[in-house]
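Input: one structure, supplied below.
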Amino acid sequence: MSRVGGKNTKPEIAVRSLLHSLGYRFRLHRKDLPGKPDITLPKYKKVIFVHGCFWHGHEDCPRSKRPSTNEEFWREKLDKNIERDKETVTALKKLGWDVLTVWACEVKDTNKLKTKLLSFLGR
Ligand SMILES: [Zn+2]
């Protein structure tokens, strides 16, 4: 399980190397953009977040199941993350950026991931 906002997580690296192999150029963790997107493609005005299913609350995903102990603690903490993610997307869209979220559980299937990335990037 990766920390919130952890940089260079395994799924993130997988997405980066796939994008790289597809010939895309991108920048990492741009501090001047809301939410410091994991991957920024300035040429396309698009950003990609690679989210851990648990910390960012991937809906209907077995990996995002919340612990049954300290329920209130987790609810508060995780709901806050989800709320912040929503605000980040709204802020980025206002600035004219397209936003894609890749979930950690989607990274294992390279073909599916590739399709998802290519359809987002419009190729
Ligand atoms: Zn998931």
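The values are calculated or read from the model by the stated rules, or taken from the named source; none is laboratory data. As the structure is a prediction and not an experimental result, all values here were calculated from the model. In this analysis, Cβ positions are derived from the backbone assuming ideal geometry, glycine residues included, and neighbour counts consider all displayed protein chains. Heads up: the accessible areas ignore ligands, DNA and RNA and are worked out on the full protein's heavy atoms, side chains in. Shrake-Rupley method; radii C 1.70, N 1.55, O 1.52, S 1.80 Å.
Greater than 21 Å separation of Cα atoms is the criterion. Which listed pairs, 65/108; 86/112; 10/86; 65/94, meet it?
86/112; 10/86; 65/94
Modelled label-to-label distance, residue 27 and residue 112, 7 Å Cα→beta-carbon offset: nm?
3.3
Something else now. Could you state the accessible area per residue of the chain in Å², with a 1.4 Å probe and every protein chain left in place?
64
Here is a further query. Across bins of 10 angstrom width beginning at 0, how are the C-alpha pair distances of segment 2-123 distributed, in whole percent?
With 10 Å bins starting at 0, P(r) equals 13, 44, 33, 9, 1.
Which of the aspartates and glutamates could be linked to residue 114 by a straight reach, that is with a Cα gap under 12 Å, when you skip same-chain ones fewer than 8 residues away?
Residue 114 reaches 106.
On to the next question. With a 1.4 Å probe and all protein chains left in place, how much of the accessible area of the chain comes from carbon and sulfur atoms, in whole percent?
On the way: 3940 of 7880 Å².
About 50 percent, which is the carbon plus sulfur part of the accessible surface.
Work out from phi, with θ = phi - 60° and the Karplus expression 6.51 cos²θ - 1.76 cosθ + 1.60, the ³J(HN,Hα) of each residue of segment 82-92, listed in order in whole Hz, and give x for Gly and Pro.
5, 4, 5, 4, 4, 5, 4, 4, 4, 5, 5
Take every DSSP beta bridge whose two residues both sit in segment 10-113, then give the antiparallel share in percent to the nearest 5.
Counting only bridges with both partners in segment 10-113, antiparallel ones make up about 45 percent.
Relative contact order (percent) for segment 1-119, with alpha-carbon contacts under 8 angstrom and 6 or more residues of separation?
Contact order relative to length: 26 percent.
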